[in-house]
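See below for the structure under consideration.
Rule-based calculations on the coordinates, nothing more; no lab input. Worth saying up front: this structure is predicted, and the values here are computed from it rather than measured. We place every Cβ from the backbone using ideal geometry, glycine too, and count neighbours over all the protein chains shown.
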Ligand SMILES: [Zn+2]
């Protein structure tokens, strides 16, 4: 993967350099691939796909990058340690340039609620971007777990980006059968057993809830504009985030 400078107004786009014609896939709510949103966010445009974009896009969005070309020589960004901390550190190391034309930003002006199945997202006006996530799981290790953070480049890099992806030990056979987690190990995900966490240590006591904030942020990035508001997410996942993103983009006139 290579992250390249892009001109003002370009937005965030992926380019599959391994495919004939090097197709470009814009990162917007219009390119969500609805058939592949169960465990990860996949984007598709004119027969080209890019999957598991959410951790990279969360870092790009939280750090305030509006224009970027992401070259990939395969179907997904490197999964790394299942978090966004390495990418966030690399973007900060590379540095960012201010561009001349101002980007379009948006704000939640009145309370909004959105439900899909048993998941719900509410958004209320706020001077900052804040995300609160609640698990509504019966699992003894997740029950009552929640996290709430104002997203700034600083809080993102130190508190959200390091939170790793997680899965349940009971799901591993099915994930392998579906061709997922082929490069997976305890180094790239938190594995939650029936009563204990299989990894030796969590990075934060509420690491899974923080990772859900990371995932939500990555899907929110597909609005294509910075947004202010407090988002309260209960039982969210990529499918509900995708539907919410499309609804919110219309609501905000983006
Ligand atoms: Zn994730």
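By the helix-only formula, in which each DSSP H run with n ≥ 4 contributes -39500 (n - 2.57) and the sum is divided by residues, the chain has a 222 nm mean residue ellipticity of -6000 deg cm²/dmol. Shape class for region 20-80, computed from the alpha carbon gyration tensor (a ≥ b ≥ c): rounded, with a/c under 1.5. As a rough footprinting exposure proxy, the listed residues 65, 240 were ranked by other beta carbons within 10 Å of their own, and the order from fewest upward is 65, 240.
Mean-square fluctuations from a GNM of the chain, with a 10 angstrom spring cutoff on Cα atoms, peak among 225, 158, 44 at 158.
Taking 0.36 nm per residue of separation and subtracting the Cα-Cα distance, full extension of the segment from residue 139 to residue 94 would add 12.1 nm. When a/c is below 1.5 the answer is rounded, else prolate if a/b is larger than b/c, else oblate, so apply that to region 115-213 with a ≥ b ≥ c taken from the square roots of the Cα gyration tensor eigenvalues. Prolate is the answer for region 115-213, as a/c is 1.5 or above and a/b outweighs b/c. Multiplying the residue separation of residue 247 and residue 103 by 0.36 nm and removing their Cα-Cα distance gives an extension gain of 49.8 nm. Subtracting the Cα-Cα distance of residue 126 and residue 38 from 0.36 nm times their residue separation leaves 28.7 nm of extension gain.
DSSP beta bridges confined to the chain are antiparallel in about 65 percent of cases.
Among rounded, prolate and oblate, which fits region 46-177 when a ≥ b ≥ c are the square roots of the eigenvalues of its C-alpha gyration tensor, a/c under 1.5 means rounded, and a/b larger than b/c means prolate? Taking the square roots of the gyration eigenvalues as a ≥ b ≥ c, region 46-177 is oblate.
Largest GNM mean-square fluctuation across 42, 196, 31, computed for the chain with C-alpha springs under 10 Å, falls on 196. Between residue 24 and residue 204, the distance separating the two model label sites (each 7 Å from Cα on the Cα→Cβ line) works out to 3.5 nm. Could you check which residue among 100, 15, 159 shows the biggest mean-square fluctuation in a GNM of the chain with a 10 Å Cα cutoff? Residue with maximal mean-square fluctuation among 100, 15, 159: 100. Using the Cβ-Cβ distance between residue 73 and residue 173 with R0 set to 35 Å, the FRET efficiency works out to roughly 0.70.
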